[in-house]
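Below is one structure, written out as structure tokens, with a few remarks after it.
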Amino acid sequence: MKRIALLLVTFFITTAAFAANPQGFVWANQETSPSYAPNASYAHNSTGGAVKITRTAAGAYTVLFAGLGAAGAAMKSNVQVTAYNGRTACNVVSWSGSPDLSVKVHCFYIPDGSMRDSQFTALVTFAP
């Protein structure tokens, strides 16, 4: 019984700590659009701020999470990006900013390495 109680307490503390940390995600599904706000069903910013995606060149994008940089200023951050189209790879070039978190993403066509427009997903997490 003590083990179950300890497990439940650990679960609730861990869940509460994760929920308290800033986080965001987005599905960038309009690969050739110059600038847009993604569908709210496929985007989240724990600060309640907007998420905006800008295409800066073929295969080059900036994802802006309004207010998320300031919310996670004293925490360690991590950004993961995954290409959504086949035969394409997307990488995080950099992320920074406060109060807004700006994530730069480059996508490449795998066979020849050229920059290529692509849909992608991005996940931003912070840890104390």
* Asked: What residue, of Phe120, Phe108, is within 16 Å of Arg55 (Cα to Cα), open to solvent by less than 30 Å² (accessible area, probe 1.4 Å) and not hydroxyl-bearing (Ser, Thr, Tyr)?
  -> Phe120
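Are any residues in the range 70-128 among the basic types (Lys, Arg) and at negative phi, and if so, which ones?
The initial filter retains those residues of the range 70-128 that are among the basic types (Lys, Arg), namely 76, 87, 104, 116.
Result: Lys76, Lys104, Arg116.
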* Being open to solvent by less than 20 Å² (accessible area, probe 1.4 Å) and over 16 Å from Asp117 (Cβ atoms) is the filter; apply it to the range 57-83 and report the residue that is modelled with the lowest pLDDT. => Gly72
* Asked: Regarding Ser77, is this residue assigned to a strand (DSSP E or B), of a type outside the set (A, V, I, L, M) and in contact (Cβ under 8 Å) with a residue 24 or more places away in the chain?
  -> yes
* Structure fact -> Here the residues within the range 24-46 that are open to solvent by 60 Å² or more (accessible area, probe 1.4 Å) and either of a type outside the set (Phe, Trp, Tyr) or farther than 17 Å from Ser102 by Cβ (or both) are Gln30, Thr32, Pro34, Ala37, Asn39, Ala40, Ser41, Tyr42, His44
* Asked: Looking at (1) outside any loop (DSSP other than H, G, I, E, B); (2) without any contact (Cβ under 8 Å) to a residue 60 or more places away in the chain; (3) over 24 Å from Pro22 (Cα atoms), which is the one condition that is false for Asp112?
  -> (1)
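The values are calculated or read from the model by the stated rules, or taken from the named source; none is laboratory data. Since the structure is predicted, the reported quantities are computational estimates derived from the model, not experimental observations. Note: ideal-geometry Cβ built from the backbone for every residue, glycine included; neighbour counts use all protein chains shown. Ligands, DNA and RNA are stripped out before the accessible areas are found, and what is left, the full protein with its side chains, is counted by its heavy atoms. Shrake-Rupley method; radii C 1.70, N 1.55, O 1.52, S 1.80 Å.
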